[in-house]
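**Q** I'd like to ask you about the structure that follows.
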Amino acid sequence: MIDNDKVLDEDEIFVEQIPHQYDAPPADTSMNNAFTKIAIGAFIGATVGAIAGALANKGAVDRVNQTVRSAGNSVKNAADSVNQTVKSVGDGVKNVAVSVNDTVIDVGDKVKGVTQDVNYTVKDTLSTVKGTAENVNETVKGTVDVLKDAADNVNENVRGAGEALKGASEDATPSEPQIVKGPDKQVKYILVPVETEGNV
């Protein structure tokens, strides 16, 4: 196999000549060609003769002329009809295109309007929610402040009571223990401290 990129030396090139043989037509072929030519000539001659004979007769010429005119008028009328149909179809397509364009513009305007309305509604809703959240935050802060003040007041009252008890016990002189009988059923209270954000 020889690579395409390889240059061959002169001694590597072999040229073989094959003699060409011409096929001589058989003797009867020339006869067939002659008969074919005669047949074609006769056909053409007969056709031209028939046309010339028909045109020589004035009535035949008028009928051929009338037929050609009728055919021409039919083609003309058909062309006019096709032209009118194409115009009608073109006008119909144009009207549909204009209607579609107007509809798309109307739909686009409506969608734009709805989108703007939704945007305004969302903005108003967010403003209301933000205001409500701020009001709730202020209310919670106020409630926490009230609870803190109440807890501070309770602590002050308890301290005051504790100091009063402490002072009373210091002032009292010890005496003999006394037994005090209370009711059979006693109620016990448990104090639970309340923690607030500031007093942890």
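The values are calculated or read from the model by the stated rules, or taken from the named source; none is laboratory data. Quick caveat, the model's predicted, so the values are computed rather than measured. Glycine also receives a Cβ, built like all others from the backbone with ideal geometry; neighbour counts cover every protein chain displayed. Note: areas computed on protein heavy atoms with side chains; ligands, DNA, RNA excluded. Shrake-Rupley method; radii C 1.70, N 1.55, O 1.52, S 1.80 Å.
**Q** Only one of these is under 35 Å from the mean Cα position of the chain (by Cα) and either on the phi > 0 side of the Ramachandran plot or among the β-branched types (Val, Ile, Thr) (or both): Val146, Val140, Val107, Val154. Name it.
**A** Numbers: Val146 fails: under 35 Å from the mean Cα position of the chain (by Cα); Val140 fails: under 35 Å from the mean Cα position of the chain (by Cα); Val154 fails: under 35 Å from the mean Cα position of the chain (by Cα).
Among Val146, Val140, Val107, Val154, only Val107 is under 35 Å from the mean Cα position of the chain (by Cα) and either on the phi > 0 side of the Ramachandran plot or among the β-branched types (Val, Ile, Thr) (or both).
Each row is one residue, and each column tells you yes or no for (1) outside any helix (DSSP H, G or I); (2) touching a helix residue (DSSP H, G or I) at 6+ places or on another chain (Cβ under 9 Å); (3) modelled with pLDDT of 85 or more; (4) open to solvent by less than 90 Å² (accessible area, probe 1.4 Å).
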site	(1), (2), (3), (4)
Ile51	no, no, no, no
Leu55	no, yes, no, no
Ser70	no, no, no, yes
Ala79	no, no, no, yes
Ser88	no, no, yes, yes
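**Q** Okay, moving on. Only one of Ala164, Ala150, Ala133 is in a helix (DSSP H, G or I), surrounded by 10 or more Cβ atoms within 10 Å (Cβ to Cβ) and at pLDDT below 80; which? Show your work before the answer.
**A** Numbers: Ala150 fails: at pLDDT below 80; Ala133 fails: at pLDDT below 80.
None of the others qualify; the one that does is Ala164.
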